[in-house]
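First the structure, in the form of structure tokens, and then the observations on it.
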Amino acid sequence: MIRSTLIATATLALLSGCASSPRDSGAATSPEAADGAIRAVPMPSAALTMTNAPRRIIFASCAQQNEDQSMYDVMLAADPDLVILMGDNVYGDVRSNDPSLPELKAAYMRLAESAPFARLRAKVPVLTVWDDHDYGLNDAGAEFKHREAAERLFDFVWAIPENDPRRARPGVYGSWMLGPEGGQIQIIMLDTRYFRSPLKATDEMGAPGKERYLPDNDPGKTMLGDAQWAWLEGELRRPAKHRLLVSSIQVVAEGHGWEAWRLLPAERERLVRLLRETGATNMLILSGDRHLGGFYQRETDGLTLNEVTSSSINLPAARWRAESGETRVEPGPYRLGDPIYDANFGLIEVADDGNTFSVTLRGRDGRVLTPAGMAGGGVLPGK
């Protein structure tokens with residue numbers, strides 16, 4: 001089953017202009033930067049009806065705004081009720097260190113000009129959270145000094161409603177409870193950037209299993225920050241039939257040294273403990289970031305963690321594997337079958353009775369992608 005947190009707003013409504021809120025100051029209150037050189041515009045999506053439980057949910061990540069945009073049309077053809085964008089929704093790293101965020105604004109503007117994305121969001125509600133490249137800096141956490149400006153820009157371009165709780169607090173985490181009482185789907189989207197402590201650098205750059213970072217057992221380090229942890233506990237205690245937990249970075253996966261919850265082991269175990277203590281066992285974890293797709297399952301003290309990673313829609317690992325001649329398959333003690341290196345998005349299909357669902361990864365033609373060695377033909381069942 002799947003479950004998520006409240007968002008006290010009735011719709012993912014449209015902002016035609018600037019909303020007045022605690023975050024509304026600086027560049028994001030206007031489509032123009034302070035110097036007028038770089039513009040940004042809101043990208044509203046279709047209204048989200050809180051009383052209807054979605055039956056077809058697409059999830060995706062890592063969408064380079066200068067690459068092929070046709071996957072958005074493939075998504076639309078899949079007839080979704082809801083689209084969840086899990087981060088790296090644009091690539092706008094602020095390498096200039098300019099507080100007006102010109103690179104990030106330019107990236108958002110490029111996405112706003114995408115006709116396929118415009119067609120998708122005109123017909124389907126879109127929920128968003130960020131990862132590092134739309135947060136503003138590769139692999140960044142709480143140390144990113146322009147995070148407040150990036151958050152204001154996020155609110156503006158994604159047309160976050162004026163009365164949305166996300167506007168009243170730091171970070172872009174949020175939750176939605178969709179559907180009638182007794183049959184609700186809860187969607188929880190975590191912010192793994194704004195509060196995250198610095199990561200421990202590797203002692204062997206590029207080495208398999210520790211490519212960039214090493215696990216850090218420092219108990220003082222955090223992934224979510226105290227306020228978000230407290231909020232998450234409250235959300236997990238709310239009753240729901242199904243729950244989706246969206247983390248921009250992988251939770252269950254092992255076998256690599258890129259960003260993931262495994263790098264802060266105490267925080268990952270805290271999450272597992274919280275799921276067990278709150279009884280939120282009807283949970284499916286969704287993640288992105290990796291430029292590959294995969295299905296993961298971990299059994300821990302009677303709790304089964306299921307995770308599906310979908311990444312990327314137009315910048316897949318298959319491209320640089322082909323260019324470099326790489327053939328190594330990343331170890332995956334919890335992965336079901338091999339990774340999917342081709343461009344992909346995920347599709348959750350809930351049964352008509354609302355009791356069960358299935359999860360697949362889809363390719364550029366909309367067909368199911370089946371990982372080599374995975375039983376079930378690339379379909380993960382759930383209930």
For this session: Springs between alpha-carbon atoms under 10 Å, Gaussian network over the chain: tell me which of Val157, Val350, Val329 tops the mean-square fluctuations.
Result: Val329
For this session: Amide H neighbours of Ile340 under 5 Å, at least 5 residues apart or on other chains, H built in the peptide plane: list them.
Result: Gly293, Gly294
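At 0.36 nm per residue, and after removing the present C-alpha to C-alpha distance, how many nm does the segment from Ala207 to Ala168 gain when stretched out fully?
Working: separation 39, 0.36 × 39 = 14.04 nm, distance 4.24 nm.
This chain segment gains 9.8 nm when fully extended.
For the pair Ala78 and Glu269, what calculated FRET efficiency results from E = 1/(1 + (r/R0)^6), where r is the Cβ-Cβ distance and R0 = 35 Å, to the nearest 0.05? Walk me through the numbers on the way to the answer.
Numbers: r = 36 Å, r/R0 = 1.03.
So the FRET efficiency works out to roughly 0.45.
Pairs of Cα atoms under 8 Å, at least six residues apart: use those to get the relative contact order of the chain, whole percent. Each step should come with its number before you reach the end.
Working: 979 pairs, mean separation 76.0, N = 383.
Relative contact order for the chain comes out at 20 percent.
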For this session: Mind telling me which of Ser247, Ser45, Ser114 comes out most flexible in a GNM of the chain, alpha-carbon contacts under 10 Å?
Result: Ser114
Exercise. Of the residues Asp301, Asp139, Asp164, which exhibits the maximal mean-square fluctuation in a Gaussian network model of the chain defined by a 10 Å Cα contact cut-off?
Worked result: Asp301
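Hand me the trypsin sites (Lys or Arg not before Pro) from region 299-337 located in a DSSP loop with no more than 10 other Cβ atoms within 10 Å, in residue order please. Mind showing how you got there, number by number?
Values: sites: Arg319, Arg321, Arg328, Arg335; in loops: Arg328.
Answer in residue order: Arg328.
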Problem set entry | Reachable aspartates and glutamates, given that their alpha-carbon falls under 19 Å from the alpha-carbon of Lys123 and they are not under 8 places away in the same chain | Asp73, Asp79, Asp81, Glu113, Glu349
For this session: Calculate the spin-label point distance for Arg319 paired with Glu299, positioning each point 7 Å from the Cα along the beta-carbon direction, and give it in nanometres.
Result: 4.0
For this session: Give Lys145/Lys221; Lys105/Lys221; Lys105/Lys145 a once-over and call out the pairs whose C-alpha atoms are over 26 Å from each other.
Result: Lys105/Lys221
Problem set entry | Value at 222 nm in deg cm²/dmol, rounded to 500, when DSSP H runs of n ≥ 4 in the chain each add -39,500 (n - 2.57) | -5500 deg cm²/dmol
Problem set entry | Separation of the Val329 and Glu181 label points, Cα + 7 Å toward Cβ, nm | 5.0
Problem set entry | Qualifying trypsin sites (Lys or Arg not before Pro) for region 114-191 [loop in DSSP, other Cβ within 10 Å: at most 15] | Lys145
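Loop only per DSSP, at most 13 neighbouring Cβ atoms within 10 Å: give me the GluC sites (Glu not before Pro) in region 77-148, ordered by residue number.
On the way: sites: Glu103, Glu113, Glu143, Glu148; in loops: Glu113, Glu143.
Those that pass, being in a loop and sparsely packed, are Glu113, Glu143.
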For this session: Report the antiparallel proportion of the DSSP beta bridges in the chain as a percent, rounded to a multiple of 5.
Result: 60
For this session: Straight distance only, please: which lysines reach the Cα of Lys210 with their own Cα at less than 18 Å, same-chain residues fewer than 8 apart left out?
Result: Lys200
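Could you give the length gained by full extension between Asp338 and Asp352, i.e. 0.36 nm per residue of separation minus their alpha carbon distance, to one decimal place? Before the final figure, lay out each step's value.
Numbers: separation 14, 0.36 × 14 = 5.04 nm, distance 3.08 nm.
Difference between extended and current length: 2.0 nm.
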Exercise. For Arg237 and Ser70 in the same chain, what is the full-extension length gain: residue separation times 0.36 nm, less their Cα-Cα distance, in nm?
Worked result: 56.2 nm
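Values quoted throughout were computed directly from the atomic coordinates according to the rules given, and no laboratory measurement underlies them. Small disclaimer: the values here were computed from a predicted structure and weren't measured. Cβ: placed from backbone, ideal geometry, glycine included. Neighbour counts: every protein chain shown.
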